[in-house]
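So the structure is just underneath, and the comments pick up after that.
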Amino acid sequence: MTKSELIKLVSEKLTNITKKDMKVIVDIIFDSMIDALKSGERIEIRGFGSFKIKDRDARCGRNPKTGDLVSIPNTKTLYFKAGKELKERVDY
Amino acid sequence: MTKADIVESVYGKVGISQKESAEIVEMVLDIVKKTLEEGETVKISGFGNFSVRKKRARRGRNPQTGEEIEITARRVLTFKPSQVLKRALNS
């Protein structure tokens, strides 16, 4: 399922809102989540799961082809942990 | 950020009420959950992909007691953030 299919499904269920507006709304939902994550905030959605940013320290890596040492800067990585309810629903 | 904060960011955007906003957020999450429950991948461009992976049964060990146990076959939900989101987080 893609975002556009998701938008289509939601508009079919809530017919009082146009599909065009629904696209704006669904985009805001994900954009607001992205904004929160960008500011380093954790997201917790009950029954769904949580998103958390973790810092990874800078480290030295090696180019596997040439063997050259390369420095890898510190990066922020995003982790998702499925909530208990969803975890159980997916595993049957 | 919680679900209530998401509802708040949507509220008033295209003339929808707080109640409608809550209803839509709930419905979006519900559809995503149901799709994943059926084992189907959910791809949100610019955000990431949620997919259900099948894991085979394997032997594990209780790290506390050292006792060997069987880890049953299961389905787990994984999320892979999109390149766009990864880049946005590191800019």
**Asked** Can you tell me which of A:54, A:19 is open to solvent by 30 Å² or more (accessible area, probe 1.4 Å), modelled with pLDDT of 90 or more and either closer than 27 Å to residue A:90 by Cα or of a type in the set (Asp, Glu) (or both)?
**Response** A:54
**Message:** Condition first: open to solvent by 50 Å² or more (accessible area, probe 1.4 Å) and more than 10 Å from chain B (Cβ to nearest Cβ). Can you find one or more residues in the range A:27-36 that meet it?
**Reply:** no
**Message:** As an exercise: evaluate residue B:75 against (1) surrounded by 11 or more Cβ atoms within 10 Å (Cβ to Cβ); (2) within 30 Å of residue A:39 (Cβ to Cβ); (3) not assigned by TED's automatic domain parsing to the domain that holds residue B:4 and give the number of the one condition it does not meet.
**Reply:** (2)
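Looking at B:39, B:66 in this structure, which one is in a loop (DSSP other than H, G, I, E, B), open to solvent by less than 90 Å² (accessible area, probe 1.4 Å) and within 19 Å of residue A:2 (Cβ to Cβ)?
B:39
Taking residue B:91, is it outside any strand (DSSP E or B), free of Cβ contacts under 8 Å to residues at least 12 places away in the same chain, at the interface with another protein chain (Cβ under 10 Å from one of its Cβ atoms) and surrounded by fewer than 17 Cβ atoms within 10 Å (Cβ to Cβ)?
For residue B:91, the condition - outside any strand (DSSP E or B), free of Cβ contacts under 8 Å to residues at least 12 places away in the same chain, at the interface with another protein chain (Cβ under 10 Å from one of its Cβ atoms) and surrounded by fewer than 17 Cβ atoms within 10 Å (Cβ to Cβ) - is met.
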**Checklist (1) in a helix (DSSP H, G or I); (2) open to solvent by 20 Å² or more (accessible area, probe 1.4 Å); (3) at the interface with another protein chain (Cβ under 8 Å from one of its Cβ atoms) applied to residue A:76, failing item** = (1)
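The values are calculated or read from the model by the stated rules, or taken from the named source; none is laboratory data. Here the structure is a predicted model, which means the values were calculated and not measured. Positions of Cβ are generated from backbone atoms using ideal geometry, with glycine treated the same way; all protein chains shown enter the neighbour counts. Note: areas computed on protein heavy atoms with side chains; ligands, DNA, RNA excluded. Shrake-Rupley method; radii C 1.70, N 1.55, O 1.52, S 1.80 Å.
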